[in-house]
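A quick write-up on the structure given underneath.
The values are calculated or read from the model by the stated rules, or taken from the named source; none is laboratory data. Since we're looking at a predicted model, the values are computed, not measured. Don't worry about glycine lacking a Cβ; one is built from the backbone with ideal geometry, like all the others, and counts go over all protein chains shown. Ligands, DNA and RNA are excluded from the accessible area calculation, which covers all protein heavy atoms including side chains. Shrake-Rupley method; radii C 1.70, N 1.55, O 1.52, S 1.80 Å.
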Amino acid sequence: MPFIETEINGIRYGQLIHPTTNPETLNKAYSNGCIGTKEGDAWVVYYYAPIGTKIQIRYDLNGTDTKDKSLLLKDIYNLK
């Protein structure tokens, strides 16, 4: 699985979009700066967003758990 390095305002900071090595961290505020995905989701990004494709990362606080129950995630960036 290739990793995709993110670029913000023309600067590469070293964060990546890649499958997580710890699936327990998905849908949680847990990261060392990378965007952890399910493996299948990372392949979708890789195949449908070739190098140079601009993508928008959205920080949604409303989500669902594995049983489709509504969740309100913690706002770790204090975006109100």
Note on the stretch 32-74: residues touching a residue at least 12 places away in the same chain (Cβ under 8 Å), open to solvent by 80 Å² or more (accessible area, probe 1.4 Å) and touching a Ser or Thr at 6+ places or on another chain (Cβ under 9 Å) are LYS38, GLU39, ILE57
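Could you look through the stretch 9-65, keep only residues that are in a helix (DSSP H, G or I) and of a type in the set (Asp, Glu), and pick out the one that is modelled with the lowest pLDDT?
First, pick out the residues of the stretch 9-65 that are in a helix (DSSP H, G or I): 23-25, 39-48.
Next, only the ones that are of a type in the set (Asp, Glu) stay: 24, 39, 41.
Working: GLU24: 79, GLU39: 84, ASP41: 86.
Checked the stretch 9-65; the qualifying residue modelled with the lowest pLDDT is GLU24.
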